[in-house]
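Single-structure report; data block below.
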Amino acid sequence: MTKIVTETQQNEAVEALKRLVSKPSVNDESTKTATTPFGKGIDDALTEILTIAKENGFKTYKDPEGNYGYAEVGTGDKIFGIIGHVDVVPAGDPNDWDSDPFTATVKDGYIYGRGTQDDKGPSMAAMFAVKALIDHGYQFNCRIRFIFGTDEETLWRGIAVYNKKESPIDFGIAPDSEFPVTYAEKGLEQAYLVGPGMADLNIDLENAFNAVPAKAPYNGPKLDQVKQALDNHGFKYEDHGTDGFTVIGKSVHAMNAPQGTNAVLRLAMALDDIFPSQPLDFIGKLFKEDATATNLLGDVEDNQSGHLTCNISSLKIDKDETRMQIDMRIPVTVDRDELIEKLKKAVAPFDLHYEAFDYLAPLYVPTDSELVKTLMSVYKDLTGDDTQPKISGGATYARTMNQCVAFGAMLPGVPDFMHQVNENWELKSMFKAMDIYAEAVKRLCVDPE
């Protein structure tokens, strides 16, 4: 098998990734304009990735309203899409990082920075894999289009505009998950649980829907009693003296919620021991730390995609209302409407009601499709790994496109640092992903000799 990606393209990909990481592309709609709907940072990253693409021989297009962009090479009626996103989740407290989260740092064979795994690093790996094919003189039998979304970490509005304005792809991949192939993705339900407020307690713990919160600070009333409640539960916290304390958990992506430790839930359970509140009772006496929502909804699972996962990431309490964010990854065969009705009934006794925020239907592409079979063949040929295609609790842009699956870029065994402090990607793994992407595009988009 011909080696396609050389050290030249590897180095180019790393340098391009450094440029992208330096753009803090966190959703900030307080700075939005008519042409920057999700804030200046995301628009800067979109402009930068299109500039990088143009410098490397791709034709580029940016939506005049700033919702998306794409870079394209090749000719023909068919479009092979490679769909990524330029936005990232917040870095949290920069002091928790070993280096500046928005200055990509290469150390001991790893590149550190927000977006190195999700999704700037994979996007650059795929782009420079295609660049390697161009440099080798391969001619494509279709158009290869890199599509860049802008608010993947929130509401997917940018990619929705793309699908309204542009021609659909014919087949494609989303380099925003794990190898080998994710042929199905669970449904994603994000919503609020809302109830009455409290006159004597004010909490504002807002976090991303799709990450288990690792910290929950508190400096409110009855401080010593709340600390004692945490001690009684055996929950870890950092004591700041008269400045309160911070409950310490472990952050993971919401799709892996059972593997994390939810600091917000732990604080809420302690608060429930001290303050009378039906909404707090919901967490303290029913939900607790149940990341599969079994206490709430019973066993919700299927043979194809496993158990439902559930993450309550935010808690806001003031005199007017109590508001929680809930993120559920629903097994592919479970009826979503029936599940939501069950949820509404379960929370009603705690004076809570359900408010919809966002829903993404599940993805399913048959494993015997030509796309999945080809991608699996490439992966096995280049790695020797017999891992079978999988179903994920994650949500990628693949589910928004025709005949599209998540394909990489994380290899099996690579630690998951998405949405976490000190996010990083081993360069050796990045370069292997580039080899896989180059061979996959060659087999799918280049006529056999």
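The values are calculated or read from the model by the stated rules, or taken from the named source; none is laboratory data. Since we're looking at a predicted model, the values are computed, not measured. Please note: Cβ atoms are built from the backbone with ideal geometry, for glycine as well, and neighbour counts cover all protein chains shown. Heads up: the accessible areas ignore ligands, DNA and RNA and are worked out on the full protein's heavy atoms, side chains in. Shrake-Rupley method; radii C 1.70, N 1.55, O 1.52, S 1.80 Å.
Quick grid of which residues meet (1) over 29 Å from residue 160 (Cα atoms); (2) part of a loop (DSSP other than H, G, I, E, B):
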| site | (1), (2) |
| --- | --- |
| 378 | yes, no |
| 385 | yes, yes |
| 394 | no, yes |
| 398 | no, no |
| 417 | no, yes |
| 420 | no, yes |
| 428 | yes, no |
| 438 | no, no |
With respect to residue 379, is the statement that it is over 23 Å from residue 255 (Cα atoms) and crowded, with 22+ Cβ neighbours inside 10 Å true?
-> yes
Would it be correct to say that residue 254 is more than 23 Å from residue 420 (Cα to Cα) and aliphatic (A, V, I, L, M)?
-> no
Hey, could you check the stretch 85-110 for residues that are part of a loop (DSSP other than H, G, I, E, B) and farther than 16 Å from residue 420 by Cα and say which is least open to solvent (accessible area, probe 1.4 Å)?
-> 86
Is it fair to say residue 363 is farther than 30 Å from residue 112 by Cβ and either polar (S, T, N, Q) or within 17 Å of the chain's Cα centre (by Cα) (or both)?
-> yes
The strands (runs of 3 or more DSSP E) lying entirely within the stretch 184-239 that contain at least 1 residues which are of a type in the set (A, V, I, L, M) and touching a Leu at 6+ places or on another chain (Cβ under 6 Å) are 187-196, 203-205, 215-218
Unique residue being under 27 Å from the mean Cα position of the chain (by Cα), within 30 Å of residue 171 (Cβ to Cβ), polar (S, T, N, Q) and open to solvent by less than 70 Å² (accessible area, probe 1.4 Å) when the list is 369, 314 | 369
Picking from 245, 179, 235, the residue that is at pLDDT 95 or above, among the aromatic types (Phe, Trp, Tyr) and within 17 Å of the chain's Cα centre (by Cα) would be 179
Please state which of the following conditions residue 172 fails to meet, knowing it meets all the rest: (1) among the small types (Gly, Ala, Ser); (2) assigned to a loop (DSSP other than H, G, I, E, B); (3) more than 14 Å from the chain's Cα centre (by Cα).
-> (2)
Residue by residue through the stretch 293-315, note down the ones that are in a loop (DSSP other than H, G, I, E, B) and modelled with pLDDT of 95 or more.
-> 293, 298, 299, 300, 308
Does residue 348 satisfy the condition of being free of Cβ contacts under 8 Å to residues at least 40 places away in the same chain and either open to solvent by 40 Å² or more (accessible area, probe 1.4 Å) or among the aromatic types (Phe, Trp, Tyr) (or both)?
-> yes
